[in-house]
Structure formats: structure tokens, C-alpha cells
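Read the structure below first, then the notes.
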Amino acid sequence: MLSQILYALPFLAEGFALTLWVSLLVVVLSLIAGVLLGVGLVYGPAPLRWSVRIFSDTIRGIPILVLMFFVYYGLPAVGLHLQSFWAAVLALTLFKTAQVVEYVRGAVASIPKGQSEAAMAIGLTFRQRLTSVIFPQAFRRFLPPWINGVTDAVKGSALVSLLGITDLMQAINQVIGRTYEAMPLYILGAVIYFAVNYALSYASRRLERRFAFIRD
């Protein structure tokens, strides 16, 4: 068993690096897009709010695997050909963005309207109200669920192996095809995923305690 694990480590290290790269791209891109769309959902004009709401509800209602296959196999039908890597990143980013939109909406909507009205009363502009009053408070409520959502991005990245991308899961399967020993390698892969996601979950709990609000 030990010899099989030692043999697999170089291959798994390469796959794990790709898993982290995919996860990082998805997290960063979805954070940027999700925050912008989330703010638009709360404060934008009606057509923008409707568009974001339709996007969020539709994407969150589609299984990630179906969305990934649609992007990879469906977009070429309209002339958009993406490499498997970028098709997977796009599909995962779309799904994660729809979730981040809801994190932002919930965090911003949780701030009492009196905060914004008080800021308006002292003459702050809309941008100043957002940056100095609303966002600092909403950030505390946005951060813990978002970090929990990051663990979903890491776990969801395992699906990219279905498009032939050699991530950690695909590397495990390739080594199993050479050694014909599945259980030790699947256990090792589970330990790696668990270690990453446990670290993120622990960080989320620490941040939740750090930014906990004092309740009456």
C-alpha cells in the first residue's frame, strides 16, 4: 500500500495543483461577478434586477454537471468553441456567481434601512453610503457563508475530470488504471479533499466568531 501511494504522489501532486488552480479561478471570478450582480440586484433599476434574478434562479436550479456539459457541448452549436479547461471554469464560475449573488443580496438586505437613511440625512452620497456604511457592515455577514461556499467550489472542481482534465480526481483514476489498486488511492484523495475543506471550514468558523454581532 505504501509503495502504491509513493508511486502515485507525483501524479497526484500535479492533479492537485490543477484542482487548486481551477478552484482559485472560479472563486476569484465568481466573487467579482457575484458582488457586482448582487449590488445590481439590490440597488439597480428594475430591468437589471429582473435580469439578475432570472440568471440567479435559473443557474442555481441547474445541476452543475448539466451546466458543465451544456457549456462544453452546447456552446459550439452557436459558434463558441472553448477548450475543456475553460469550459469547466466557465460553468463552475456561472454556478458559483449565482450563489455569490444571493450571499450579497442577503448580506446587504440584512442591514437596517435606518442605517442608510441616517447616512443620507447627514449628506452622504449614494457611493459614500455604500462604501462607508452599508458594505462594512454587510461584509461581516457576507464573509462566513462565502468561505463555506468556497469549499463547494473545491469539491465541485472534481467534476472537471469528466471533461478529460487531469485534476486530482482524474490523476487518481489514471494511477488506478496502472496499479489496479483503487481503495488506497481513493482514501488518499478523500484525505486531501478533506484537509483542504476542513481548513476552509475552520477559517469560516473563526471568522464567524471574529465578526459576530452583539445580540440583545
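Summary of values
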| read-out | value |
| --- | --- |
| Residues (of a type in the set (S, T, N, Q), open to solvent by 50 Å² or more (accessible area, probe 1.4 Å) and part of a helix (DSSP H, G or I)) located in region 83-136 | 115, 128, 131, 132 |
| Selection within region 46-82 - farther than 26 Å from residue 155 by Cβ, open to solvent by 70 Å² or more (accessible area, probe 1.4 Å) and either modelled with pLDDT under 90 or not in a helix (DSSP H, G or I) (or both) | 77, 78, 80, 81 |
| Selected residue (criterion: farthest from residue 144 (Cα to Cα)) from residues of region 1-45 that are open to solvent by 30 Å² or more (accessible area, probe 1.4 Å) and not in a helix (DSSP H, G or I) | 1 |
| Check on residue 170, part of a helix (DSSP H, G or I) and open to solvent by 50 Å² or more (accessible area, probe 1.4 Å) | no |
| Every residue from region 1-32 that is aliphatic (A, V, I, L, M) and touching an Asp or Glu at 6+ places or on another chain (Cβ under 8 Å) | 1, 18, 22 |
| Residue 191, sole failed condition from (1) outside any helix (DSSP H, G or I); (2) exposed (fewer than 14 other Cβ atoms within 10 Å of the Cβ) | (1) |
| Total residues in region 44-92, condition small (Gly, Ala, Ser), in contact with a helix residue (DSSP H, G or I) (Cβ under 6 Å, 6 or more places away or on another chain) and more than 15 Å from residue 161 (Cβ to Cβ) | 1 |
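The values are calculated or read from the model by the stated rules, or taken from the named source; none is laboratory data. These numbers were taken from a predicted model, which means no experiment stands behind them. With ideal geometry, Cβ positions are generated from the backbone for all residues, glycine too; neighbour counts draw on all protein chains shown. To get the accessible areas, we keep the full protein, side chains included, count just its heavy atoms, and leave off ligands, DNA and RNA. Shrake-Rupley method; radii C 1.70, N 1.55, O 1.52, S 1.80 Å.
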